[in-house]
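Visitor: Before we start, here is the structure in question, set down as structure tokens.
The values are calculated or read from the model by the stated rules, or taken from the named source; none is laboratory data. Predicted model only: the values in this text are computed from it and were never measured. Ideal geometry is used to build each Cβ from the backbone, glycine not excepted, and the neighbour counts take in all protein chains shown. Areas reflect the complete protein model, heavy atoms only, side chains present, ligands, DNA and RNA absent. Shrake-Rupley method; radii C 1.70, N 1.55, O 1.52, S 1.80 Å.
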Amino acid sequence: MSRFVLAVDQGTTGTTAVVVAEDGRIVGTAYQEVRASYPRPGWVEQDPEDLWRSCVDTAAQAVADAGVPRSAIAGLGITNQRETTVCWDRRTGEPVAPAIVWQDRRTAALARQLGSAGGEELIRSRSGLLPDAYFAGTKMRWLLDTVDGLRGRAEHGEVVFGTVDSWLVWRLTHGATVATDVTNASRTLLMDLRTLDWDDELLELVGVPRAALPDIRPSSCVFGETVPSTFGDLEVPIAGILGDQQAALFAQACFEPGQVKNTYGTGSFMLMNTGTTPFTGQHALLTTVAVGFVDEPAEYALEGSVLVTGSAVQWLRDELHVIDDAAETEGLATSVDSTGDVFFVPALAGLGAPYWDPYARGTIVGISRGTTGAHLARATLESIAFQSADVLGVLQAESGVEVTELRADGGAAANGWLMQFQADVIGIPVDVPESVQTTSLGSAYLAGLTTGVWSDRDELQRRRRTARRYEPAMSVDERASRLDRWHDAVDRSRGWARDEP
Ligand SMILES: Nc1ncnc2c1ncn2[C@@H]1O[C@H](COP(=O)(O)OP(=O)(O)OP(=O)(O)O)[C@@H](O)[C@H]1O
Ligand SMILES: [Mg+2]
């Protein structure tokens with residue numbers, strides 16, 4: 001009987017489930033948006049129950065869509081929005097508070113404090129990260145400091161703090177497995193990149209008790225079996241977990257050191273495979289675990305995280321009503337010759353790599369009486385490409401590797417105008433694969449390797465096919481002058497927000 005792999009991608013904007021056949025084709029899919037709330041400026045929350053429900057629903061729908069018997073599903077892969085933090089009761093599985101989403105900036109002052117007095121050096125060298133509000137550890141600490149009685153419960157191990165993967169695993173196994181994978185754990189500020197375990201000095205610095213954390217396991221292993229009564233009658237091994245960006249790197253078959261992918265979603269995340277050596281002591285980039293297999297050394301990546309790209313397009317849609325649908329930006333961008341010298345720095349959640357300024361805020365410069373929605377839409381797409389160009393520059397400078405092609409994926413990789421402009425401002429080709437569903441595919445591939453549906457990575461490598469390749473067409477001078485102007489605009493966005501009194 002042929003076998004299939006189910007994968008669930010729990011993202012910030014929505015949850016996608018896919019069923020993948022042995023030949024690598026996606027034979028069933030389902031998608032559901034998930035809600036977020038913005039209770040104060042800079043705060044972003046989600047309901048952990050919504051995240052869980054969306055996984056149950058989309059998984060069942062994808063299996064129905066594929067029309068395959070449940071018994072033919074060999075394993076479940078999970079991939080997820082990273083850093084988003086959930087706290088729940090270890091016994092009952094009830095959430096203790098709303099999930100604090102990765103984009104949330106409420107811990108900016110706390111992060112700055114953690115970075116002082118040698119903290120930054122410890123964080124960089126041990127965890128590969130930076131003292132920034134982005135990372136899960138700061139969000140755990142905030143909950144510990146603000147939810148009544150939580151610290152005592154945490155110290156007694158009565159609650160669990162975890163990223164979304166571990167939350168889903170608890171629910172899927174009804175508490176039989178309290179574990180996270182090594183790629184997600186590498187986003188908490190609390191894990192030692194080399195030992196792949198929680199680190200006592202980091203735990204002490206950030207102020208999170210070990211008793212409240214899940215176990216760290218390799219990405220490729222059997223985490224447990226799903227409980228059919230809560231998971232749409234499916235009883236399958238959870239056989240692979242990767243953070244969404246690591247899953248995309250895997251699906252893009254960036255298995256060799258020096259290969260780079262950029263995923264254009266809510267934010268944009270450029271990762272370079274650096275092999276089995278973690279590359280730390282960088283300035284603007286993060287060192288992160290790319291994937292972990294049982295009894296093999298972990299593989300690492302250098303990462304440039306841009307916090308707001310596709311979500312700026314959503315802002316045009318939902319708040320300014322310049323468009324009804326993200327794809328309309330492409331037609332609008334081509335309807336004008338230029339932005340009319342308008343630049344939009346979408347620092348809606350501060351700036352990530354390479355600036356790391358949580359106090360930056362969205363800034364539009366160069367508006368004149370003739371500026372239209374089309375100019376603004378074009379400036380938004382340009383900002384996505386400029387931010388990624390900044391990251392690529394730092395990635396090359398810090399790694400010493402000259403990158404010769406950028407593998408692109410994610411929702412906005414469907415925008416041909418954006419991909420061409422991206423190639424233009426980085427001066428190297430942008431290569432888009434046939435399937436831009438890379439996150440769910442990456443975790444499906446991993447779960448399929450764990451369960452023996454596929455034999456090795458060479459088999460996966462052969463599956464990646466280019467759908468379209470964009471060659472750079474802009475002159476070197478023009479590229480330099482556009483980037484100069486962009487950097488002027490970035491300067492104007494910085495340091496705007498104030499700490500709350
Ligand atoms: N044609 C398009 N042009 C520009 N932006 C687009 C286009 N299509 C989608 N987007 C943007 O891409 C994002 C959705 O892409 P994708 O589904 O990959 O996001 P994601 O980051 O995976 O979401 P999540 O955070 O839920 O995982 C949205 O922010 C949307 O505004
Ligand atoms: Mg995603």
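Visitor: Under the condition of being more than 21 Å from residue 315 (Cβ to Cβ) and out of contact with any strand residue (DSSP E or B) (no Cβ under 7 Å at 6 or more places or on another chain), which residue from segment 23-38 is farthest from ligand 1 (Cβ to nearest atom)?
Guide: Ranking the candidates gives 23 first.
Visitor: Being touching a strand residue (DSSP E or B) at 6+ places or on another chain (Cβ under 6 Å), over 18 Å from residue 4 (Cβ atoms) and surrounded by 17 or more Cβ atoms within 10 Å (Cβ to Cβ) is the requirement here; does residue 490 meet it?
Guide: When the stated conditions are applied, residue 490 passes them.
Visitor: Now, a different point. Looking at residue 498 and the list (1) surrounded by fewer than 22 Cβ atoms within 10 Å (Cβ to Cβ); (2) within 16 Å of ligand 1 (Cβ to nearest atom), which single condition is not satisfied?
Guide: Unmet condition: (2).
Visitor: Check segment 150-168 and report whether any residue there is touching a Leu at 6+ places or on another chain (Cβ under 6 Å), assigned to a helix (DSSP H, G or I) and open to solvent by 10 Å² or more (accessible area, probe 1.4 Å).
Guide: Checked segment 150-168: at least one residue is touching a Leu at 6+ places or on another chain (Cβ under 6 Å), assigned to a helix (DSSP H, G or I) and open to solvent by 10 Å² or more (accessible area, probe 1.4 Å).
Visitor: Can you confirm whether residue 216 is under 30 Å from residue 90 (Cα atoms) and within 16 Å of ligand 1 (Cβ to nearest atom)?
Guide: So residue 216 does not fit the description; no.
Visitor: Just for segment 5-22: of the residues that are away from ligand 1 (no atom under 16 Å from the Cβ) and within 13 Å of residue 441 (Cβ to Cβ), which one is farthest from the chain's Cα centre (by Cα)?
Guide: Among them, the one singled out is 21.
Visitor: On the basis of being farther than 17 Å from residue 182 by Cα, within 16 Å of ligand 2 (Cβ to nearest atom), under 15 Å from the mean Cα position of the chain (by Cα) and surrounded by fewer than 24 Cβ atoms within 10 Å (Cβ to Cβ), does residue 305 make the cut?
Guide: In short, no.
Visitor: Would you be able to say whether some residue in segment 326-334 is open to solvent by 50 Å² or more (accessible area, probe 1.4 Å) and away from ligand 1 (no atom under 16 Å from the Cβ)?
Guide: no
Visitor: Could you check segment 175-244 for strands (runs of 3 or more DSSP E) lying wholly inside it with 3 or more residues that are open to solvent by 10 Å² or more (accessible area, probe 1.4 Å)?
Guide: Here the list reads 215-217.
Visitor: Is it true that residue 63 is more than 17 Å from residue 170 (Cβ to Cβ) and in a loop (DSSP other than H, G, I, E, B)?
Guide: No: the conditions fail for residue 63.
Visitor: Cβ-Cβ distance below 6 Å, separation of 6 or more or different chains: which pairs start in segment 69-96 with a residue that is within 16 Å of ligand 2 (Cβ to nearest atom) and end on one that is of a type in the set (Val, Ile, Thr) and modelled with pLDDT under 95?
Guide: Taking only residues 6 or more apart or on different chains, the pairs are 79/439; 81/12.
Visitor: Examine segment 19-30 for a residue that is crowded, with 18+ Cβ neighbours inside 10 Å and closer than 17 Å to residue 83 by Cα, and state whether such a residue exists.
Guide: No, segment 19-30 has no match at all.
To keep it simple, each residue is scored yes or no on (1) outside any helix (DSSP H, G or I); (2) more than 28 Å from residue 176 (Cβ to Cβ); (3) within 16 Å of ligand 2 (Cβ to nearest atom).
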residue	(1), (2), (3)
2	yes, yes, no
7	yes, no, yes
20	yes, no, no
23	yes, yes, no
42	yes, yes, no
53	no, no, no
56	no, no, no
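Visitor: Just to be sure I understand, how many residues within segment 308-325 are in contact with a helix residue (DSSP H, G or I) (Cβ under 8 Å, 6 or more places away or on another chain) and surrounded by 18 or more Cβ atoms within 10 Å (Cβ to Cβ)?
Guide: So the answer is 7.
Visitor: For segment 2-11, check the following and say yes or no: at least one residue is surrounded by fewer than 17 Cβ atoms within 10 Å (Cβ to Cβ) and out of contact with any strand residue (DSSP E or B) (no Cβ under 6 Å at 6 or more places or on another chain).
Guide: Checking segment 2-11: at least one residue is surrounded by fewer than 17 Cβ atoms within 10 Å (Cβ to Cβ) and out of contact with any strand residue (DSSP E or B) (no Cβ under 6 Å at 6 or more places or on another chain).
Visitor: Might you let me know whether segment 73-84 holds any residue that is away from ligand 1 (no atom under 16 Å from the Cβ), open to solvent by 10 Å² or more (accessible area, probe 1.4 Å) and touching a Ser or Thr at 6+ places or on another chain (Cβ under 6 Å)?
Guide: There is at least one residue in segment 73-84 that is away from ligand 1 (no atom under 16 Å from the Cβ), open to solvent by 10 Å² or more (accessible area, probe 1.4 Å) and touching a Ser or Thr at 6+ places or on another chain (Cβ under 6 Å).
Visitor: Identify the residue in segment 25-40 that is within 16 Å of ligand 2 (Cβ to nearest atom) and in contact (Cβ under 8 Å) with a residue 60 or more places away in the chain and, among all such residues, is nearest to residue 443 (Cα to Cα).
Guide: 26
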